[in-house]
Structures are given as structure tokens and as C-alpha cells.
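The values are calculated or read from the model by the stated rules, or taken from the named source; none is laboratory data. The structure presented is a predicted model; accordingly, all values stated were derived computationally and were not measured. Heads up, the Cβs are rebuilt from the backbone with ideal geometry, glycines too, and the neighbour counts pull from every protein chain shown. Remember, those area values only see protein heavy atoms, side chains included, never the ligands or the DNA or RNA. Shrake-Rupley method; radii C 1.70, N 1.55, O 1.52, S 1.80 Å.
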Amino acid sequence: MSRQSRTDRPYDIVLFGATSFAGTLTAEYLAGHAPEGLRWAIAGRSAEKLERLRDRLPGGAEVGVLRADVSDPASVRTLAESARVVATTVGPYLTYGEELVAACADAGTDYLDLSGEPEFVDLMYVRHDARARETGARLVHAAGFDSIPHDLGVYFTVQQLPEGVPLTVDGFVTADAAFSGGTFGSALNQFARQREMAAAARDRRRHEPRLVGRRASAPTGAPRFAKEVGAWALPMPTIDPQIVRRSASALDRYGPDFRYRQYAAVRRLPVAAGGVAAVGAVVAAAQLPSARRWLSDRLRPGDGPSPEKRARSWFSLRFVGEGGGRRVFTEVSGGDPGYDETAKMLAESALCLAFDDLPKTAGQVTTAVAMGDALIDRLRAAGIRFRVASTR
């Protein structure tokens, strides 16, 4: 099914999980930034909650309401068939996500989520990438803070470096913000499923085409003091490096031999040591069901900080790129990463897929591959900063 043949669908964008904390923020952003003529709808399990949300949205009378439940496959298929783009905040995705991915792949509908779950992303590639390529659907995972600023930040950094030469990029993350309940829950699930996650990664490698004449890697770096940013650098157990590596594998602009490493940047050594110990403790606790339940109860999916707390939150990703005798320092920065900016990223990604002139892609693709420069332009206009700090 070509994208042109989908223009007769009733909606350009459907937001699934719209009454969740992140979903409500995304709906409010879309309502406040909807281009003229946007046909969009909110979807979820409770029509009553959806209608209450619609009633308080600016221009809500023009917003559709669709009832869909992941436990009802027919409703999910109807949802996918009614839209050109579906964005979902319904997680953990390993538990609740596959039905919608499959429906979008079958219907030729572009799909976006906020998943930072490597196992889920790998399983969806193996099970649904081929079908999505047949129908023209673009399946884009990790379309929030995981992993848009990292993926597009590296893409932006690579564009400042020479072409056709080996390139390396190191990313350093600093932030002052609260974790989302959904992100924390997904992380706990992944820490508890190390064997399953490794098995899914191996299965994906068996199905992925191998690079010929090029290399792209994202090894885990060792803890170190990074003079280039003046901070202790701690490896981060997130999906972002995998997403970056897949962008580098798909795009020749990353050069014949590309390497990316990602770190949390911490100024003080005692804080860095405490951070390593805390992550190790959470990983260990996640192996025990009772401890995992206790941790999950501390920050439930759907919980979120106040508007005042979010207004004080911020993030900064600094990148150091090298290649061809050139060294460049870049930065991607913005406000509250876990909620406000994630909602903005998901909404702008949906608008980008629906309306922008983009490269011809299909199947499971990253934000850099599917949207690249167009999404950077949108995010810059929305207040997220991409800048070159210095070059040498």
C-alpha cells in the first residue's frame, strides 16, 4: 500500500494512550500546535476519560475519540486502519505493545512509540519489519528522550565532520529531572530479563543484513575522567547507543568505520561512585520479584511531577566528534526531558511523518533515518537547541 493511498483515512494522526500522564501532555501539545486542517484523534480504553480530555483541549471539538484496547485485537486493527500515523504511549511495550505494531505493519500505517526497551525493539524487528517493508509502514521506536536527542544529536555531529573517513563520537549526558514512572518500570523489566534481552538481540543479528565494506559499532565504554568535558564519564545502560548504531549502519554519511560511546557526565567523584553503586543495586534488586515490585511501587507508570517541577528541569547532551583531522563539540539541550520535551518530540515526530517531505523508507527505522533534518528543523522551531559549540 502506497502512502498516497492512505490519504482517504479519516485521521492524519491518532494518539493512543492519550489519557496517560505522557499521553495527556502529548495531546495538549498537539492541540496547541496543530497545523490548520490537521485531522487527529485521541484513543484509549475509556471513552469517558477520552471525552473529558477532549473537552479541555483547545479546539477539542475537532478532535476525534476512538476506543481501543490492546486486549481487543479487532479494536487495535481498526485504530491502525483509521490513521496515517499512530503514536502510542501505552507501555511497558513488551507487555502491551506488539498488537499495535503488528496492526500498523499490516495496514501500512506509520507507527511511533516511546519505548526504551531493547528486547521489545529487537523482537518487533524480527517479527514485523519485513511486513512493514511490504506495506510501506515506517515503524519508529524510541521517539522521546529515549532516543531522539541522542540519535539526532549524533546525526547532527556527523554532519559537521568530513565525509568518507572513519568517525568517532562520544556522547555525555547531564540532566536535572525526575524519571517517568513508565521509563523506570521499563528499565526494571529489562534489568530482570537479561537472558531474554540477549536472546532477542542474537535473533535480530541473524535476521539483519550485514554491512558490506563499512563498520558501525557502539561499544560500552569504561568509566573514566573525560577531560574533554571536565567530568567523570559513566557508561549508561540505555537503548540509545543501539539506536545510534542502527542509524550509522543505514546511512553512508557516517563513514566507512563509525564508533559511538555514551556516558553520564558527573562532576564530582563521590557522586559518580554513588551512581555506579546505585545502578548496580537496582540491577541486583530487579532480579528478585518481591524487590522489583517494591521498587515499581515507588514510581508507578502514569505518575509524574508537578508543572512547577517540570519547569525547573533540563537536559544537556554534549557530543565530541572526531575524524579526518577535525574535532567538533556539539550540544543538544532543552527542558524537562522525561515529560514535557518527550511529549514535544513524540508530537513533532508524528507531524513530521504525516506532513514533511522525507526520505523514502519503510520497515523498522530510526528517527535519523526516517526524518533526519526535517525533524531537527521541527525541534529547533519548538525550542530544543542543536548547536555547534566549537571546532578544532
State whether the range 84-164 is rounded, prolate or oblate according to the following rule on the C-alpha gyration tensor (a ≥ b ≥ c being the square roots of its eigenvalues): a/c under 1.5 gives rounded; otherwise a/b larger than b/c gives prolate, and the remaining case gives oblate.
-> prolate
Label-reachable residues, the range 230-261, where backbone N falls under 15 Å from a point 7 Å from residue 314's Cα toward its Cβ = none
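Please work out how much length the chain gains when fully extended from residue 47 to residue 33, using 0.36 nm per residue of separation minus the C-alpha to C-alpha distance, in nm with one decimal.
Stretched out fully, the residue 47 to residue 33 stretch lengthens by 2.7 nm.
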Taking all pairs of distinct alpha-carbon atoms in the chain, Kirkwood radius in angstrom = 21.3 Å
Whole-Å distance linking the alpha carbon centroid of the range 35-77 with that of the range 328-392 is 25 Å
Sort 314, 40 from largest to smallest accessible area, using a 1.4 Å probe on the heavy atoms of the protein chains.
-> 314, 40
Taking GluC sites (Glu not before Pro) in a DSSP loop with at most 16 other Cβ atoms within 10 angstrom as exposed, one finds the longest site-free stretch of the chain at 229-392
To the nearest 20 debye, what charge dipole does the range 341-392 have about its Cα centre, counting +1 at the Cβ of each Lys and Arg and -1 at the Cβ of each Asp and Glu?
-> 280 debye
Measure nothing but the geometry: give the 0 to 90° angle between the long axis through the Cα atoms of 118-135 and the longest principal axis through the Cα atoms of the chain, rounded to 10°.
-> 60 degrees
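Quick one: if the Förster radius is 22 Å, what FRET efficiency do residue 389 and residue 225 give, using the C-beta to C-beta distance and rounding to 0.05?
With R0 = 22 Å, the Cβ-Cβ based efficiency is 0.65.
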Residue among 96, 76, 140 farthest towards the positive dipole end of the range 22-155, charges placed on Cβ = 76
Return the distance in nm (one decimal) between the two label points of a simple spin-label model at residue 56 and residue 78, each offset 7 Å from Cα along Cα→Cβ.
-> 2.7 nm
Taking protein heavy atoms only, a 1.4 Å probe, and rounding to whole percent, the accessible area of the range 212-271 owed to carbon and sulfur comes out at 59 percent
Got a sec? Charge dipole of the range 1-129, +1 on Cβ for Lys and Arg, -1 for Asp and Glu; which of 60, 30, 120 is way out at the positive end?
-> 60
Taking 0.36 nm per residue of separation and subtracting the Cα-Cα distance, what length does fully extending residue 377 through residue 96 add?
-> 98.0 nm
Going out from 0 in 10 Å bins, what whole percent of all Cα-Cα distances in the range 207-257 drops into each bin?
-> 22, 40, 30, 8, 0
Cα-centre dipole for the chain with unit charges at Cβ (Lys and Arg positive, Asp and Glu negative), debye to 20 = 1180 debye
Picking from 239, 21, 359, whose Cα lies most toward the positive end of the charge dipole for the chain (charges on Cβ: Lys, Arg +1; Asp, Glu -1)?
-> 239
Of all DSSP beta bridges in the chain, antiparallel share, percent nearest 5 | 50 percent
